[in-house]
Amino acid sequence: MVLRMNAFTFVGLFLLSLTWKAAWAKVEVNMEDRVEVFLGDTAQITCMFTVSDSHDDVIIQWYMITKTNVRLRIYYGDSTIQVVDLGGQFTDKISVNGMGKSSEVVLTIRDVALEDELEFICQVNGLSAGNTEGRTMLKVFASPDRPNIEGVHSGISVSNKNPSKIGSCEAKNGYPRPNITWYRDQSPLQNTPGEVSVVTLVTKKSSGLYTVQSNLHLNVVKEDKDSFFYCEVSYLVPGGTKMTETNKINITVHYPTTSLDVWVESPKGRVKEGDTVEVHCRANGYPQPPFTFMHNMQELKSELNVLVLKDVMRLSNGNITCTALDLDTYEETVGHTELFVDYLDPAVLIPKDTHVMAQGEELMATCNALSSLPTHTEWFKKGEKVAEGHTLTLKDAVFDMAGKYVCVVKVPSLEGLVTSGSLHVHVQGPPEIKESADTVLEEITETFLNLSCHARGYPTPVITWSSSDESQILKEVSHRQTEDEVLSVVIVKVTSDITANCNASNVHGTDSFPFSIKAIVQTTSSDPSTTEGRGVIIAVIIICILLLAILGSVLYFLYKKGKIPCGRSGKQDLTKPNKDSIVVEMNNDNTEEAVLLGVNGDKKSSSDQ
């Protein structure tokens with residue numbers, strides 16, 4: 001009975017020891033809560049485990065939780081075998097690395113797709129130690145394309161009662177869904193009833209990627225014409241959030257006119273008579289409304305916002321009114337400007353036109369022109385300034401003071417405003433003949449001579465010519481006359497000594513001027529024998545020169561042919577015959593015959609030659 005008790009006691013103690021060991025052996029698994037990866041990249045999910053007080057093999061199994069919350073195994077492995085379950089979405093995409101008693105295993109998923117965003121379970125079975133599992137959520141991200149923004153092209157009126165569409169912003173192909181925020185300048189816009197409305201449209205494509213479109217509606221105000229609008233797209237990426245901004249857009253705002261600017265655009269500065277004036281009108285609203293111009297209560301035609309007045313006169317002075325009609329509110333806005341035209345009347349001279357004065361008298365002439373501005377007056381004679389101011393004074397009149405005086409009146413402060421007048425002054429008196437530098441002229445007989453006589457006086461003198469030799473005829477070839485002067489030119493044939501007189505006369509007297517002409521007789525030789533002798537001498541000289549030229553040419557030719565040898569000293573004995581000697585024989589008749597002589601002096605015929 002005692003032995004049986006001992007046997008039972010032994011078995012109980014053994015079973016108790018096994019139970020105690022199993023109670024103290026356990027498996028620990030550590031895994032990350034989530035693993036994040038970009039679409040198309042490779043994901044690695046790590047399962048770290050520890051099995052204590054067990055020498056048994058460890059079995060690793062990986063599971064996934066489907067979208068419908070179904071648990072499916074995708075992998076099984078121990079120290080001897082590793083198996084990827086067939087027929088699942090991960091059959092060709094996963095691999096598992098690492099085994100051991102106290103180690104880790106890594107599940108690698110290649111080319112991650114959106115449908116791979118699941119929860120994965122790592123189960124570690126330590127046999128006698130039992131089993132434990134850990135879980136990791138795989139998150140997949142896709143950055144959207146660069147967002148696009150497009151504003152409305154038409155104008156937006158501030159008079160609209162409801163918010164008007166400003167623009168549209170779109171972000172394509174993002175995952176998870178991107179968020180779009182609108183900004184005006186640097187301030188974000190939020191939905192505000194009656195003022196701001198943001199409408200968002202989300203589209204999920206068959207690929208699982210999202211496209212988000214956001215439309216902004218706004219009650220615009222005038223200040224929005226200078227504002228810039230843009231979108232900010234925020235989206236999730238592994239480990240954080242990114243943001244991308246679109247380009248900035250500006251909108252066209254229509255707002256009513258409250259005031260007008262009216263001004264003279266051309267000419268710049270003061271306006272003078274004869275100018276073409278451009279009057280511009282501009283409203284402070286947008287777009288520019290239609291304009292109507294009134295000038296001195298008379299409506300004028302205009303082009304857009306420009307009124308053109310041609311050849312304005314002082315009568316054009318007055319008020320110019322521009323009226324704008326707002327097509328939205330049908331309210332009129334009026335603007336004004338004043339037009340003042342400067343003028344300069346024609347010059348008035350006293351005395352005017354022509355004035356006759358006696359020698360020694362005094363003349364005081366005045367020149368004035370009525371103007372809206374201060375004027376300056378100058379007097380000119382023959383292009384040269386002779387006086388300055390409104391008054392011209394001539395004292396002790398002489399003939400040199402006669403002529404045309406031009407009075408020029410101008411406005412110094414306004415270029416182009418100028419007028420002028422003229423005064424012809426005549427000085428009465430007997431004629432005066434301008435004396436010639438040469439009163440005594442010497443000319444060869446039988447030649448023709450021009451004589452000029454210049455006289456002045458008023459009334460215009462009459463010139464006549466007379467000669468000491470009545471047989472000589474003085475023929476007038478030129479006659480030029482002005483109101484105060486006269487010029488007469490005659491031609492005379494010199495045959496003998498004569499005196500020609502120029503006589504000038506008018507109602508006040510006469511004057512004369514003599515021209516003394518001395519005739520010079522030219523002596524020339526007319527002996528025919530002398531002339532003939534000179535001709536003969538010249539002919540002989542020419543013939544001699546020609547003969548010398550011919551002889552020199554023949555000798556040079558023979559020398560070049562070697563027919564004329566020269567000694568070492570450069571001299572030749574002319575008394576000794578030479579076979580190469582050449583003799584030129586000249587006949588005493590008019591022909592020349594050249595005969596070549598041999599060594600003995602025999603003649604050779606021309607054929608032998």
* Calculate the radius of gyration of the Cα atoms of region 27-141 to one decimal place, then report Dmax, the largest Cα-Cα distance, as a whole number, both in Å. => 13.7, 42
* Asked: Roughly how many nanometres apart are two label points built 7 Å out from the Cα toward the Cβ at ASP111 and LEU201?
  -> 3.4 nm
* Asked: For region 237-273, which trypsin sites (Lys or Arg not before Pro) are both in a DSSP coil and crowded by at most 11 other Cβ atoms within 10 Å?
  -> LYS268
* Taking every eigenvalue of the Cα gyration tensor of region 376-431, multiplying by 5 and rooting it, what semi-axes result, largest first, whole Å? -> 27, 10, 8
* To do: Calculate the translational D of region 435-520 in whole µm² s⁻¹ from Stokes-Einstein, where the hydrodynamic radius comes from the Kirkwood formula applied to all Cα pairs, the temperature is 37 °C and the viscosity 0.692 mPa s.
  => 247 µm²/s
* Asked: Counting only protein chains, not ligands or nucleic acids, how are ILE463, ILE81 ordered by accessible area (probe 1.4 Å), most first?
  -> ILE81, ILE463
* Equivalent-ellipsoid semi-axes of region 116-274, from the Cα gyration tensor, Å, largest first -> 57, 15, 12
* Structure fact -> The FRET efficiency for THR337 and PHE380, from their Cβ-Cβ distance with R0 = 25 Å and rounded to 0.05, is 0.05
* Asked: Can you pull the percent of region 27-141's accessible area that's carbon plus sulfur, 1.4 Å probe, other chains left in place?
  -> 46 percent
* Using 7 Å Cα-to-Cβ label points, what is the HIS217/PHE557 separation (nm, one decimal)? -> 12.4 nm
* Asked: Over all distinct alpha-carbon pairs, what is the Kirkwood Rh of region 260-340 in angstrom?
  -> 12.9 Å
* Which percent of the accessible area of region 284-426 is formed by carbon and sulfur heavy atoms (probe 1.4 angstrom)? -> 53 percent
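So which of LYS205/LYS248; LYS268/LYS310; LYS161/LYS225; LYS382/LYS410 end up more than 21 Å apart by C-alpha? Kindly include the intermediate steps, with their values, before the conclusion.
Numbers: LYS205/LYS248 28 Å; LYS268/LYS310 15 Å; LYS161/LYS225 18 Å; LYS382/LYS410 19 Å.
From the list (LYS205/LYS248; LYS268/LYS310; LYS161/LYS225; LYS382/LYS410), the Cα-Cα distance tops 21 Å for LYS205/LYS248.
What number comes out for accessible area per residue over region 348-428 if the probe is 1.4 Å? Units Å², please.
Solvent-accessible surface per residue comes out at 54 Å².
For region 104-202, state the semi-axes of the equivalent ellipsoid (square roots of 5 times the eigenvalues of the alpha-carbon gyration tensor), sorted largest first and rounded to whole angstrom.
Semi-axis lengths for region 104-202 are 51, 15, 9 Å.
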* To do: Calculate the radius of gyration of the Cα atoms of region 379-492 to one decimal place, then report Dmax, the largest Cα-Cα distance, as a whole number, both in Å.
  => 20.7, 70
* **Per-selection metrics, region 154-233 (Cα): Rg and Dmax in Å** => 14.1, 45
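Hey, can you rank 386-393, 468-475 by average C-beta count inside 10 Å, highest first?
386-393, 468-475
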* Asked: Using θ = phi - 60° and the Karplus form 6.51 cos²θ - 1.76 cosθ + 1.60, what ³J(HN,Hα) does each residue of region 321-327 get, whole Hz, x for Gly and Pro?
  -> 10, 10, 10, 10, 10, 7, 6
* Structure fact -> Straight-line reach check, LYS67, cutoff 17 Å on alpha carbons, 8 or more apart in-chain or any other chain, hits among aspartates and glutamates -> GLU115, ASP116, GLU117, GLU119
* Taking each pair of different alpha-carbon atoms in region 326-391 once, compute 1/r for the pair, average those values, and report the inverse of that mean as the Kirkwood hydrodynamic radius in Å to one decimal. => 16.5 Å
* Inter-label distance for THR354 and LYS268, nm, one decimal - labels placed 7 Å from Cα along Cα-to-Cβ -> 4.9 nm
* Asked: For ASP41, ASP33, what's the largest-to-smallest order of accessible area, 1.4 Å probe?
  -> ASP33, ASP41
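The values are calculated or read from the model by the stated rules, or taken from the named source; none is laboratory data. No experiment lies behind these values; they were computed from the predicted model shown. Note that each Cβ is placed from the backbone with ideal geometry, even for glycine, and that neighbours are counted across all protein chains shown. We work out accessible area using only protein heavy atoms, side chains counted, and drop any ligands, DNA or RNA first. Shrake-Rupley method; radii C 1.70, N 1.55, O 1.52, S 1.80 Å.
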